[in-house]
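*Asks:* Mind looking over this structure? Questions follow.
The values are calculated or read from the model by the stated rules, or taken from the named source; none is laboratory data. The shown structure was predicted, so the numbers you read here are calculated from the model rather than taken from an experiment. Neighbour counts run over all protein chains shown; Cβ positions are idealised from the backbone, glycine included. Heavy atoms of the whole protein, side chains included, go into the accessibility calculation; ligands, DNA and RNA do not. Shrake-Rupley method; radii C 1.70, N 1.55, O 1.52, S 1.80 Å.
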Amino acid sequence: MTFSAILFYILAAIVLYGALRTVTAKNPVHAALHLVLTFCVSAMIWMLMQAEFLGVTLVVVYVGAVMVLFLFVVMMLNIDIEEMRAGFWRHAPVAGVVGTLFWLTRKPTLLHLA
């Protein structure tokens, strides 16, 4: 296994951790910080694939603009997060089944051919 493959798997594990913590965090600011982690590590994966423009664009557009908008909406409008998350764990098994079906029916990409 090459160094770039090992690095890819490490970065992919960090992306999965950040995405999971983004969805399950109770505090919206912590969720936003985990989303920033996910975006930055995703940009590193783009850099690993030698797509520097896409990596930099992901950081500038998503981390720079979308996260500012997200924090503005959450913090300034004072949305009640607990009410929105009331049915999260009740619907988690259905979401897991749907996610598994999507994963099983995916089409191969260029990463699978490498």
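*Asks:* For the chain, with only Lys/Arg (+1) and Asp/Glu (-1) charged at the beta-carbon, what is the dipole magnitude about the Cα centre, in debye rounded to 20?
*Replies:* Dipole about the Cα centre, nearest 20: 280 debye.
*Asks:* Whenever you get a sec, compute what percent of the accessible area on the chain sits on carbon and sulfur atoms (1.4 Å probe).
*Replies:* Here carbon and sulfur together make up 76 percent of the probe-accessible area.
*Asks:* Same structure again: Taking Cα atoms, how many degrees apart are the long axis of helix 28-48 and the longest axis of the chain, rounded to 10 and kept between 0 and 90?
*Replies:* So the inclination is approximately 10 degrees.
*Asks:* Between Trp103 and Val68, what length comes free when the chain is fully extended (0.36 nm per residue of separation minus the Cα-Cα distance, one decimal in nm)?
*Replies:* Result for the pair: 9.5 nm of gain on full extension.
*Asks:* Given [x] 2, 12, 22, 20, 15, 10, 8, 5, 3, 2, 1, 0; [y] 2, 10, 14, 18, 19, 17, 12, 6, 2, 0; [z] 2, 12, 23, 23, 16, 11, 7, 4, 2, 0, which label gives P(r) over Cα pairs in 5 Å bins from 0, in percent as computed from the coordinates?
*Replies:* Recomputing P(r) over Cα pairs in 5 Å bins from 0, in percent here picks out [y].
*Asks:* So, how do all the Cα-to-Cα distances of the range 1-64 break down into 10 Å bins, in percent, from 0 on up?
*Replies:* Taking every Cα pair in the range 1-64, the percentages come to 24, 47, 25, 5.
*Asks:* List the residues whose amide H sits under 5 Å from the amide H of Met49, counting only those 5 or more places along or on another chain, with H placed 1.01 Å from N in the peptide plane.
*Replies:* none
*Asks:* Which length gain, in nm to one decimal place, applies between Ser4 and Ala19 when the Cα-Cα distance is subtracted from 0.36 nm times their residue separation? Don't skip to the end; give the middle numbers.
*Replies:* Working: separation 15, 0.36 × 15 = 5.40 nm, distance 2.21 nm.
So the chain would gain 3.2 nm between Ser4 and Ala19.
*Asks:* Could you work out how far helix 67-77 tilts from the main Cα principal axis of the chain, as a 0 to 90 degree angle to the nearest 10?
*Replies:* Tilt relative to the chain: about 10 degrees.
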